[in-house]
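Remarks on the structure that follows.
The values are calculated or read from the model by the stated rules, or taken from the named source; none is laboratory data. Predicted model, so just to flag it, every value in this text is computed and none were measured. Here the Cβ positions follow ideal geometry from the backbone for every residue, glycine too, while neighbour counts run over all protein chains shown. Only protein heavy atoms, including side chains, enter the accessible area calculation; ligands, DNA and RNA are left aside. Shrake-Rupley method; radii C 1.70, N 1.55, O 1.52, S 1.80 Å.
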Amino acid sequence: MPLAALPPAQSVTGAAAAAALRQTLADADRELLERHESGVPACALVRQRAAFVDRLLALAWTGAGLEDDAACLVAVGGYGRHELHPHSDVDVLILLAATPSPPLEERLRAFLTTLWDAGLAIGHGVRTVEECAEVAAGDVSVATTLMEARRLTGPEALYQAMRAATGPDRIWPSRDFFAAKRTEQATRHHRFHDTAYNLEPNVKESPGGLRDIQTVGWVAKRHFGVQTLEELHQQHFLTESELRSLLAGQDFLWELRFAMHVLAGRREDRLLFDLQRRLAARFGYLDDDANLAVEKLMQRYYRTAIEVARLNEMLLELFEEAILHADHPRRVEPISRRFRAVNGYLEAIDDGVFRRYPYALLELFLLLERRPELDGVRASTIRLVRDHRYLVDRRFRGDIRARSLFAEIMRQPHGVAGTLRRMHRYGVLGAYLPEFDAVVGKMQYDLFHAYTVDEHSLFVVANVNAMATPAPDEADTHCAEIYQRLPKPELLSIAALFHDLAKGRGGDHSELGADDAVAFCERHEMGPYDTRLVEWLVRHHLLMSVTAQRRDIYDPEVVREFARLVGDRNHLRYLYLLTVADIRGTNPKLWNDWKARLLRDLFVATERALRLGLEAPVDREALLRERQEAALALLAAADVRSEAARALWAGLGEDYFLRHRAEEIAWHTAAIVHSTPADLPLVIVRPGRGGTDVFVYARDQEFLFAATTSVLGRQGLDIVDARIITADNGMTLDSYVVLDLDANPLTDPGAQHQLARSLAAALEHPSTARDTGDHRMLSRRLRSFRTVTDVAFEPDDPSGRSVMVVTAADRPGLLARIGWALADADVRLQNAKIATFGERAEDVFYVTDATNRPLPTARARDVAKRVRDAIEAA
């Protein structure tokens with residue numbers, strides 16, 4: 001049924017034309033939305049809107065007096081395909097027989113002005129046939145637009161002349177057009193980091209989006225001269241199942257895009273965070289105990305995009321292989337009974353290979369892994385793999401031949417990650433491992449996890465495999481050295497693959513995942529020790545990360561407790577490498593030199609504790625002597641006499657030495673010894689390992705931490721670590737590690753000097769520096785998430801400090817607000833562990849009362865309320 005009735009032709013002339021068309025357009029859009037609300041699918045609505053705009057433009061064309069001119073009005077682009085979403089641009093070509101006369105120019109100008117004033121988002125070009133051919137010859141995007149042109153009104157002969165002048169026999173023949181579109185697609189994909197798994201994907205342009213479907217159609221249409229995907233199926237370029245998949249993907253993406261335009265009230269093709277929740281509700285998804293509604297919607301989107309991207313890749317390769325390279329000479333090399341290499345690509349010897357021997361579906365990937373000189377798989381064989389995935393069922397998975405092949409894939413010294421990723425692209429990995437298939441496209445609605453669970457798992461395996469090859473980076477070299485000492489590296493790859501596969505089921509994913517890992521190991525006949533090690537790694541894969549980011553790892557008792565949980569040096573090595581690979585595969589912005597330093601320090605301290613033995617008590621005096629002697633050796637090179645150092649150290653107390661490395665002790669000592677009382681407060685800023693080190697030496701007084709965090713916040717710096725030491729001599733020695741907003745150290749010497757001056761000035765009178773710090777507004781992304789503020793006290797730590805854990809929405813000035821709240825409550829901050837997980841801050845503060853004792857329960861409750869109120873008052 002057509003949309004709103006058009007106004008009378010006589011009303012679409014003169015000054016009244018725009019008003020009449022504007023009202024008609026508003027009526028039509030309102031009716032379109034009502035149909036959408038009633039359940040009419042977007043695939044019908046976009047065509048109805050295109051048909052309505054056809055009539056509206058024809059009416060305006062007549063109203064402008066253009067029907068008798070030698071000019072043709074042509075719909076191009078998406079409009080030419082009969083596809084118009086609520087706020088899509090209406091792209092038209094005004095095709096002329098010759099250069100327009102002044103009267104014709106005036107009529108065309110009036111026509112376009114009327115459409116703009118009516119509220120249509122008109123994109124237009126005015127060209128002759130010759131100009132169309134010239135521009136299209138130099139720009140493949142223009143040639144593509146004209147390839148989908150559709151005459152609206154005007155001389156048919158003029159329109160056909162343009163079609164002929166821009167056809168493949170004149171410009172952009174199939175081979176050239178295909179090469180240009182492949183390059184164009186690669187460039188477009190690169191803008192989206194070559195993945196469909198962006199947090200806020202573009203449903204039109206991202207990999208796996210609508211443009212990928214259109215690209216398949218364009219290259220095939222150019223060759224076959226067809227206009228629809230259905231016609232490509234009739235030409236036997238698409239199979240029935242491929243056609244159904246493409247059309248289903250297109251329909252769902254259209255539904256999303258249509259609803260996004262409606263909800264945003266504008267053209268919006270990005271699945272923004274603030275739209276995702278509203279779209280989930282609109283599509284009928286509900287939260288449950290295991291998954292949010294928005295996560296269910298996004299999993300459906302990602303699964304759709306993955307399938308579209310896979311089909312796009314295969315079909316374009318098939319087009320290149322079967323059509324463009326059909327006449328190329330074939331260089332054939334036998335590989336096995338079932339496979340051969342053709343021009344460097346693996347190919348099944350015939351179409352019945354997988355039907356006769358289903359286990360060849362795994363053999364193919366093992367061959368590729370063992371023959372890295374091969375460039376890939378022939379597209380025709382990829383199609384065969386896709387068509388025979390149904391053979392990978394329960395019986396297949398239980399067969400010793402399948403289990404042996406997959407175990408061998410995981411045992412290869414190189415190429416495991418790439419092979420698993422290829423298996424995923426072809427849909428075989430999820431078929432063989434149902435646990436993996438369950439998390440395909442599964443996202444977590446936050447800013448911390450940048451990838452879906454399946455993508456993250458494969459990244460972690462890739463990070464593990466990369467450790468086999470030493471890299472110039474210090475952290476990578478350290479990991480590579482440890483990797484070489486692993487007796488069975490494949491166990492680490494298995495743990496990496498399984499560590500998160502139980503997410504989204506409800507319950508503790510580490511516990512559930514460990515059960516899955518045991519079942520896998522037993523199914524693949526791994527030994528009891530190997531099975532227990534993989535199980536332990538999956539069950540405890542977060543242990544080292546949580547310890548490093550939430551506990552004081554420079555406290556010997558914390559290290560001892562962690563070492564007891566790890567048990568032995570072999571488990572420590574596996575866990576350390578898994579932790580590094582996991583963090584690096586979670587978010588590209590998460591891993592930095594500071595994280596590398598933190599984990600390495602914990603590894604080294606734990607390895608030392610395990611080497612010395614856990615049965616003996618921690619010898620604090622021996623550890624203190626060891627660090628002081630190492631610091632003295634460093635100070636001798638800095639021209640600091642040992643007598644001066646020991647005199648200073650006598651008043652610092654043992655806690656300082658237990659919580660700092662020898663290099664830090666030497667740096668602090670040299671700075672203090674070379675200063676005078678007039679230099680106080682002493683502030684030194686320098687490049688450090690993993691960040692910028694900030695050291696403050698001042699007389700102990702209230703508000704120091706609060707004032708320091710205020711200044712650092714105003715400078716736009718993030719604090720990633722804070723150690724607050726109140727010495728026996730009445731001085732405070734505070735150490736901070738800071739990064740800029742891009743998670744990089746502050747490298748400019750001038751900026752370091754200015755920061756030191758600003759801090760020293762503020763700390764002369766810290767009570768006057770009250771400020772919440774950074775006054776930047778929350779970003780659009782952060783505003784899209786709601787994080788409940790929680791302030792809780794955990795049991796006191798072994799050193800006699802109360803442990804306050806703050807969970808809150810990350811925001812500018814958060815630490816400053818906490819610092820001032822603690823100062824106002826007369827609470828001393830002894831140490832802080834700062835951690836940000838996307839939009840959520842999870843900070844741990846070690847505090848005492850003014851006499852350095854842990855806080856009583858009632859006092860802790862009051863402090864928690866003060867801190868919570870200070871955060872929420874922002």
Taking the range 540-557 on its own, how many of its residues are over 25 Å from the mean Cα position of the chain (by Cα) and not β-branched (Val, Ile, Thr)?
6
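For every residue, the table says whether it meets (1) among the basic types (Lys, Arg); (2) within 11 Å of residue 804 (Cα to Cα).
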{"site": "834", "(1), (2)": "no, no"}
{"site": "841", "(1), (2)": "no, no"}
{"site": "845", "(1), (2)": "no, yes"}
{"site": "850", "(1), (2)": "no, no"}
{"site": "853", "(1), (2)": "yes, no"}
{"site": "857", "(1), (2)": "no, no"}
{"site": "860", "(1), (2)": "no, yes"}
{"site": "868", "(1), (2)": "yes, no"}
Being in a loop (DSSP other than H, G, I, E, B) and at pLDDT 80 or above is the filter; apply it to the range 767-794 and report the residue that is least open to solvent (accessible area, probe 1.4 Å).
789
Qualifying position, being among the β-branched types (Val, Ile, Thr), more than 22 Å from residue 457 (Cα to Cα), in contact with a strand residue (DSSP E or B) (Cβ under 7 Å, 6 or more places away or on another chain) and surrounded by 15 or more Cβ atoms within 10 Å (Cβ to Cβ), among 385, 377, 353:
377
Out of the strands (runs of 3 or more DSSP E) lying entirely within the range 85-179, which hold 1 or more residues that are in contact (Cβ under 8 Å) with a residue 60 or more places away in the chain?
90-96, 150-153
Just give me the residues in the range 77-106 being hydrophobic (A, V, I, L, M, F, W, C) and open to solvent by 10 Å² or more (accessible area, probe 1.4 Å), in sequence order.
97, 98, 104
Does residue 109 qualify as being open to solvent by 30 Å² or more (accessible area, probe 1.4 Å) and either closer than 17 Å to residue 227 by Cα or acidic (Asp, Glu) (or both)?
no
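From 252, 237, which residue is in a helix (DSSP H, G or I), aromatic (Phe, Trp, Tyr) and either surrounded by fewer than 16 Cβ atoms within 10 Å (Cβ to Cβ) or touching a residue at least 40 places away in the same chain (Cβ under 8 Å) (or both)?
Values: 237 fails: in a helix (DSSP H, G or I).
Just one listed residue meets the conditions, 252.
Would you pick out the residues in the range 439-459 that are hydroxyl-bearing (Ser, Thr, Tyr), over 20 Å from residue 579 (Cβ atoms) and open to solvent by less than 10 Å² (accessible area, probe 1.4 Å)? Don't jump to the end; show me each part of the working.
In the first step, residues of the range 439-459 are kept if they are hydroxyl-bearing (Ser, Thr, Tyr); the result is 445, 451-452, 457.
With the extra rule that they be over 20 Å from residue 579 (Cβ atoms), the set shrinks to 445, 452.
Correct list: 452 only.
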Just to be sure I understand the filter: pairs with C-beta atoms under 6 Å, separated by 6 or more residues or on different chains, first member in the range 622-643 and without any contact (Cβ under 8 Å) to a residue 12 or more places away in the chain, second member assigned to a helix (DSSP H, G or I). Which pairs pass?
642/632
Using the structure shown, decide if residue 867 is in a strand (DSSP E or B), crowded, with 22+ Cβ neighbours inside 10 Å, touching a helix residue (DSSP H, G or I) at 6+ places or on another chain (Cβ under 7 Å) and at pLDDT 90 or above.
no
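For the range 656-765, which helices (runs of 4 or more DSSP H) that fit wholly inside it have 3 or more residues that are of a type outside the set (A, V, I, L, M, F, W, C), farther than 22 Å from residue 811 by Cβ and free of Cβ contacts under 8 Å to residues at least 60 places away in the same chain? So that I can check it myself, show each step before the final result.
On the way: elements: 662-673, 704-714, 749-764.
Fully inside the range 656-765 and qualifying: 749-764.
Listed here are the residues, each with its yes/no results for (1) buried (at least 20 other Cβ atoms within 10 Å of the Cβ); (2) assigned to a loop (DSSP other than H, G, I, E, B); (3) over 23 Å from the mean Cα position of the chain (by Cα); (4) among the β-branched types (Val, Ile, Thr).
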site	(1), (2), (3), (4)
480	no, no, yes, no
512	no, no, yes, no
533	yes, no, yes, no
537	yes, no, yes, no
559	yes, no, yes, yes
570	no, no, yes, no
Please verify whether residue 656 is at pLDDT 90 or above and open to solvent by less than 50 Å² (accessible area, probe 1.4 Å), treating the condition exactly as stated.
no
Starting from residues that are buried (at least 19 other Cβ atoms within 10 Å of the Cβ) and at pLDDT 90 or above, keep the ones in the range 545-557 and report whichever is nearest to residue 721 (Cα to Cα).
548
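Based on what the data block shows, is residue 417 part of a helix (DSSP H, G or I) and surrounded by 13 or more Cβ atoms within 10 Å (Cβ to Cβ)?
Numbers: part of a helix (DSSP H, G or I): yes; surrounded by 13 or more Cβ atoms within 10 Å (Cβ to Cβ): yes.
So residue 417 passes the test.
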